[in-house]
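A.B. asks: Below is a structure I'd like to ask you about.
The values are calculated or read from the model by the stated rules, or taken from the named source; none is laboratory data. Everything numeric in this text was worked out from a predicted model, so none of it was measured. Reconstructed Cβ throughout: ideal geometry from the backbone, glycine too, with neighbour counts over all protein chains shown. To get the accessible areas, we keep the full protein, side chains included, count just its heavy atoms, and leave off ligands, DNA and RNA. Shrake-Rupley method; radii C 1.70, N 1.55, O 1.52, S 1.80 Å.
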Amino acid sequence: MNTVRMRFPAQALEQLRKDDPDTPVTLNLIRTLVRRGDIPSVQVGRGRLINYDALLAYLENPVEDKPEQVRGIRRVDERAGA
């Protein structure tokens, strides 16, 4: 049976620094990955828990940058069709 290692972002960073003292990963990066949905998280009270192993898997094989989606209505140049 595999144990899921769930951590708050600060705890995940602390564990990562124990495993790799020279890691350039920051708390801001971890929170950004959670916010973008790149690593799964679960809301617990006022915080979010992340799967520490999913974080490691992402860092080993990061997803290519997603193309940015345009939000709202874009202006169309009326002269483009003429």
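A.B. asks: Go through the residues of the range 19-29 one by one and say whether even a single one is touching a helix residue (DSSP H, G or I) at 6+ places or on another chain (Cβ under 8 Å), in a helix (DSSP H, G or I), at pLDDT 85 or above and open to solvent by 100 Å² or more (accessible area, probe 1.4 Å). Talk me through it step by step, then tell me what you get.
C.D. replies: From the range 19-29, those touching a helix residue (DSSP H, G or I) at 6+ places or on another chain (Cβ under 8 Å) are 23, 25-27; that's our starting set.
When the remaining residues are screened for being in a helix (DSSP H, G or I), the result is 27.
Restricting the remaining residues to those that are at pLDDT 85 or above gives 27.
Now restrict to residues that are open to solvent by 100 Å² or more (accessible area, probe 1.4 Å): none.
No, the range 19-29 contains no residue that is touching a helix residue (DSSP H, G or I) at 6+ places or on another chain (Cβ under 8 Å), in a helix (DSSP H, G or I), at pLDDT 85 or above and open to solvent by 100 Å² or more (accessible area, probe 1.4 Å).
A.B. asks: For residues that are of a type in the set (A, V, I, L, M, F, W, C), touching a residue at least 12 places away in the same chain (Cβ under 8 Å) and more than 15 Å from Ala57 (Cα to Cα), tally how many sit in the range 1-27.
C.D. replies: The number of residues fulfilling the criteria is 3.
A.B. asks: Cβ-Cβ under 8 Å, sequence separation 6+ or interchain: first residue in the range 48-59 and in a helix (DSSP H, G or I), partner surrounded by fewer than 18 Cβ atoms within 10 Å (Cβ to Cβ) and among the hydrophobic types (A, V, I, L, M, F, W, C). Which pairs?
C.D. replies: Tyr52/Met6; Asp53/Val4; Leu59/Val25
A.B. asks: Go through the range 30-44 and count every residue that is in contact with a strand residue (DSSP E or B) (Cβ under 9 Å, 6 or more places away or on another chain), open to solvent by less than 80 Å² (accessible area, probe 1.4 Å) and either assigned to a helix (DSSP H, G or I) or in contact (Cβ under 8 Å) with a residue 60 or more places away in the chain (or both).
C.D. replies: 3
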